[in-house]
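First the structure, which I've put down as structure tokens, then a few questions once you've had a look.
The values are calculated or read from the model by the stated rules, or taken from the named source; none is laboratory data. On a predicted model such as this, the values are computed, not experimentally measured, just so you know. Heads up, the Cβs are rebuilt from the backbone with ideal geometry, glycines too, and the neighbour counts pull from every protein chain shown.
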Amino acid sequence: MLTFRPMKLKGIVPRTWRLFKKIFLILFIAQLVYIVLLRWVNPPITTTMIGSWFSLWGTNKSFKRNYVSLQEISQHAKLAVIASEDQLFPDHNGFDFKSIEKAMKHNRTSKKIRGASTISQQVAKNVFLWQGGGFFRKGLEAYFTFMIEHIWGKKRILEVYMNVAEMGEGIFGIDAAAQAYYHKPASDLNREESAMIAAALPNPVVFTVVPPARFTAWKQKKVLIQMRNLAGDPDIADLVR
């Protein structure tokens, strides 16, 4: 005959809690070490890259990725990305709260969703997380954004962004984009080429660079104007030179 022993069941809860705390502590330390390590070491792979690699499987298109240092990237390319994606990048602490507020107001009344992610937030999402929304992922994104802002600094964030951002179907990083579109290294990109690549960043699979989609050509002109306006900003100049 089976006997019910409540005392044993009472011990399961604290043991489970202690195990949970140990696992959480190990994962927390591991991710912290990984964040610090990436201050100097390039991310080996991202979830977006994995998804792109699988999507190209069985097609005649190839996966392209090539890491380069910030010094090996044209000043025009760095300026174009800032002008297109995050003009307040040198000044904020990872979050552009005014843009976030404007985007939230717009999204309440419009079917066309507008984003307000900074370069730092995009790096946090691309390197550590996955694509998509949800409060849980957004919360993790805020945490990783805070951490890289304080551990990496602006130049490293910009360098990683320009190496992991998707810049075409199966094309990741500015050097891979420069080679694929213009058959030259990222260091040799001129203003117009840099602006064209940056113009496609909202959706580089749809907004093609070569041949340029209608949106890409239209956005390039706006990016070139913003590049001229931002060129004299000393904080931006310090980042891109």
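Does region 159-177 hold any residues that are out of contact with any Ser or Thr (no Cβ under 8 Å at 6 or more places or on another chain) and either assigned to a strand (DSSP E or B) or more than 20 Å from Leu56 (Cβ to Cβ) (or both), and which are they?
Val160, Tyr161, Met162, Met167, Ile171
Does Lys221 satisfy the criteria of being more than 20 Å from the chain's Cα centre (by Cα), over 15 Å from Gln75 (Cα atoms), surrounded by fewer than 22 Cβ atoms within 10 Å (Cβ to Cβ) and at pLDDT 95 or above?
When the stated conditions are applied, Lys221 passes them.
Could you check, for region 206-215, whether at least one of its residues is surrounded by 14 or more Cβ atoms within 10 Å (Cβ to Cβ) and assigned to a helix (DSSP H, G or I)?
Yes: region 206-215 contains one or more residues that are surrounded by 14 or more Cβ atoms within 10 Å (Cβ to Cβ) and assigned to a helix (DSSP H, G or I).
Pairs please, first residue from region 162-178 and free of Cβ contacts under 8 Å to residues at least 24 places away in the same chain, second anywhere and in a strand (DSSP E or B), Cβ atoms under 7 Å, 6+ apart in sequence or on different chains.
From residues that are free of Cβ contacts under 8 Å to residues at least 24 places away in the same chain, there are no pairs.
Scanning for something among the β-branched types (Val, Ile, Thr) and touching a residue at least 40 places away in the same chain (Cβ under 8 Å), does region 233-240 turn up at least one residue?
The answer is yes, given that some residue of region 233-240 is among the β-branched types (Val, Ile, Thr) and touching a residue at least 40 places away in the same chain (Cβ under 8 Å).
Here is a further query. Identify the residue in region 35-64 that is touching a Phe, Trp or Tyr at 6+ places or on another chain (Cβ under 8 Å) and among the aromatic types (Phe, Trp, Tyr) and, among all such residues, is modelled with the highest pLDDT.
Phe63
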